Amino acid sequence: MSNINTWGGTVRKGTATPQFVVRRSWISSTLILWLGLGAFGIGVLGAILQSSIAPDSDGAVFAMLIGASIVALPLGLILNRSRITVYDERYDVRPGLGRKRRRDVNDLDKLRFGRQSSQNGTVYISLTGWNHQQKKQFRIYTTHRGYAEFTAWLAQHRPEQWAKCESLGIPD
């Protein structure tokens, strides 16, 4: 059998393996998803049992559990799906509900740290990257898994932008 391609398509050379993946922490994604699944299961099971055992009583608790799961399940899925997959000279960004977009590391024009404060005094530090057209390419937080690897990768591949980002520091 010859190696000549007769069907006119291209043959894949194999899929590239990622160096690492930047994702939200386990607490903020998977835990919310499992809490939503648990609330849904308890709510549905409780509503079925209550309607068969005591149909006269009020089922507000089970309805609230089902309602909470309707909020928690999509939120957990969105948070769990968000990620940045890093390869040698590129990275793929997948926002929660969006599609995966392939980005070239050389398209990064500006990197900046950001600061967000919550009501209870917790401060979150973010890193945001923009391209030449000032379109946001990504935003990650120090709490994300893979943050240290991603910042080291950026410092290696975009040293000028990373040096400027570090010299400006974290805004007050």
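Data table
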quantity: Verdict on L154 being in contact with a helix residue (DSSP H, G or I) (Cβ under 8 Å, 6 or more places away or on another chain), among the aliphatic types (A, V, I, L, M) and farther than 16 Å from F20 by Cβ; calculated: no
quantity: Segment 96-131 - residue that is part of a loop (DSSP other than H, G, I, E, B) and within 18 Å of the chain's Cα centre (by Cα) and, of those, surrounded by the fewest Cβ atoms within 10 Å (Cβ to Cβ); calculated: R99
quantity: Selection count, segment 43-61, where residues are open to solvent by 60 Å² or more (accessible area, probe 1.4 Å) and in contact with a Ser or Thr (Cβ under 9 Å, 6 or more places away or on another chain); calculated: 0
quantity: Qualifying positions in segment 150-162 - surrounded by 14 or more Cβ atoms within 10 Å (Cβ to Cβ) and either closer than 19 Å to R102 by Cα or without any contact (Cβ under 8 Å) to a residue 12 or more places away in the chain (or both); calculated: F150, T151, W153, L154, A155, H157, R158
quantity: Checklist (1) β-branched (V, I, T); (2) over 17 Å from A155 (Cβ atoms); (3) open to solvent by less than 60 Å² (accessible area, probe 1.4 Å) applied to V71, failing item; calculated: (3)
quantity: Residue in segment 60-78 that is within 30 Å of D107 (Cβ to Cβ) and in a helix (DSSP H, G or I) present; calculated: yes
quantity: From the options F40, F138, residue that is in a helix (DSSP H, G or I), at pLDDT 85 or above and either buried (at least 17 other Cβ atoms within 10 Å of the Cβ) or within 15 Å of the chain's Cα centre (by Cα) (or both); calculated: F40
quantity: Meets criteria (closer than 20 Å to V21 by Cα and either in contact with a helix residue (DSSP H, G or I) (Cβ under 9 Å, 6 or more places away or on another chain) or modelled with pLDDT under 90 (or both)) for R83; calculated: no
quantity: Every pair of residues 6+ apart whose Cβ atoms lie under 9 Å, when the first sits in segment 106-117 and is at pLDDT below 90 while the second is in a strand (DSSP E or B) and not polar (S, T, N, Q); calculated: Q116/V123; Q116/Y124; Q116/I125; Q116/Y141; S117/V123; S117/Y124
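The values are calculated or read from the model by the stated rules, or taken from the named source; none is laboratory data. Predicted model, so just to flag it, every value in this text is computed and none were measured. Quick reminder, even Gly has a Cβ in these numbers, built from the backbone with ideal geometry, and neighbours come from all protein chains shown. Areas reflect the complete protein model, heavy atoms only, side chains present, ligands, DNA and RNA absent. Shrake-Rupley method; radii C 1.70, N 1.55, O 1.52, S 1.80 Å.
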